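Data block below; observations after.
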Amino acid sequence: MILLLKNLGVKVDKIKEGTFTFQADDLNLKYLESALFKEEGRGLRGSIMIVGPLLARFGKGYIPKPGGDKIGRRRLDTHFEGFINLGAKFRYNREDYFYGVEAEKLKGADMLLDEASVTGTANIVMAAVLAEGKTTIYNAACEPYLQQLCKMLNRMGAKISGVGSNLLTIEGVDHLGGTEHTMLPDMIEIGSWIGLAAMTKSELTIKNVSWDDLGQIPRCIQKTGNYFRKTWR
């Protein structure tokens, strides 16, 4: 993903291990229609996440059919239906498996997502924060991943309410600014370790856990008779 952003023109500096700065003030939009982008973009599932921000900022966003993990059908309908609701036009090139959305001006809308997709909700939110007017998203995803994105966008100047619920309300703004953000630890990875301790009846210490963002994981495990001890250091 960082390579993709660099080739798009984002200035990326590695400050230290795990800490980066990103400055996107001079992007090369021609890259989006290049053969190199079609090759690199299909190499990872996460490439779809650049479409919403590009659409909001430049009125167009393109992506080849994303690759990545093959764990079953991973449709993109929710993403593009959300963009269409905001006023974008959708096009698809069957020969190159290349998707595109374009809009002169995005406008807020009421929408009910056909599935509570985390990445779909995130992409729509990133487009809607710069749309004109008010957007309401029903059946929105509410996982910690989505919550941290909304909180970060609010620090950047967005106006998102309902964070943590299945109904998001977004008041469009004219522009966003920069911010600092610390990524949440991976709750699925943490849940896997918790499950391992439960299955083996072992005591396991997991460091750097954002307890308040683990959602239902601790509660469900506790129902099986397992015990947690929280320690702050």
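Rundown of residues vs (1) among the charged types (D, E, K, R); (2) surrounded by fewer than 19 Cβ atoms within 10 Å (Cβ to Cβ); (3) not assigned by TED's automatic domain parsing to the domain that holds A141, yes/no style:
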{"position": "F90", "(1), (2), (3)": "no, yes, no"}
{"position": "K105", "(1), (2), (3)": "yes, yes, no"}
{"position": "A109", "(1), (2), (3)": "no, yes, no"}
{"position": "I124", "(1), (2), (3)": "no, no, no"}
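Which count do you get for residues in segment 18-51 that are over 15 Å from K6 (Cα atoms), of a type in the set (V, I, T) and either assigned to a helix (DSSP H, G or I) or touching a strand residue (DSSP E or B) at 6+ places or on another chain (Cβ under 9 Å) (or both)?
Going through segment 18-51 one residue at a time, the tally reaches 2.
So if I check each of L184, L204, L196, which one is part of a helix (DSSP H, G or I) and more than 30 Å from G87 (Cβ to Cβ)? Quick ask: steps written out before the conclusion?
Details: L184 fails: part of a helix (DSSP H, G or I); L204 fails: part of a helix (DSSP H, G or I).
Being part of a helix (DSSP H, G or I) and more than 30 Å from G87 (Cβ to Cβ) holds for just one of L184, L204, L196, which is L196.
Under 6 Å between Cβ atoms, at least 6 apart or on separate chains: pull out the pairs that start in segment 10-21 with a residue that is surrounded by fewer than 10 Cβ atoms within 10 Å (Cβ to Cβ) and end on any residue that is assigned to a strand (DSSP E or B) and at pLDDT 95 or above.
Between residues of segment 10-21 that are surrounded by fewer than 10 Cβ atoms within 10 Å (Cβ to Cβ) and residues that are assigned to a strand (DSSP E or B) and at pLDDT 95 or above, the close pairs are D13/T21.
A quick yes/no check of all residues on (1) β-branched (V, I, T); (2) in contact with a Leu (Cβ under 8 Å, 6 or more places away or on another chain); (3) at pLDDT below 85:
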{"site": "G164", "(1), (2), (3)": "no, no, no"}
{"site": "G172", "(1), (2), (3)": "no, yes, no"}
{"site": "G178", "(1), (2), (3)": "no, no, no"}
{"site": "D186", "(1), (2), (3)": "no, no, no"}
{"site": "A198", "(1), (2), (3)": "no, no, yes"}
{"site": "R219", "(1), (2), (3)": "no, no, yes"}
{"site": "R233", "(1), (2), (3)": "no, no, yes"}
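G59 - would you say it is in contact (Cβ under 8 Å) with a residue 40 or more places away in the chain and closer than 17 Å to Y92 by Cα? So that I can check it myself, show each step before the final result.
On the way: in contact (Cβ under 8 Å) with a residue 40 or more places away in the chain: yes; closer than 17 Å to Y92 by Cα: yes.
It is true that G59 is in contact (Cβ under 8 Å) with a residue 40 or more places away in the chain and closer than 17 Å to Y92 by Cα.
Being surrounded by fewer than 24 Cβ atoms within 10 Å (Cβ to Cβ) and in contact with a helix residue (DSSP H, G or I) (Cβ under 8 Å, 6 or more places away or on another chain) is the filter here; which residues of segment 132-146 pass it? Explain how you work it out, then say what you get.
Within segment 132-146, the first condition is being surrounded by fewer than 24 Cβ atoms within 10 Å (Cβ to Cβ), and the residues that meet it are 132-134, 136, 138-139, 141-146.
Selection gives A141, E143, P144, Y145, L146.
The values are calculated or read from the model by the stated rules, or taken from the named source; none is laboratory data. What you see is a predicted model, and the numbers here were worked out from it, not measured in a lab. Here the Cβ is made from the backbone with ideal geometry for all residues, glycine too, and neighbour counts use every protein chain on show.
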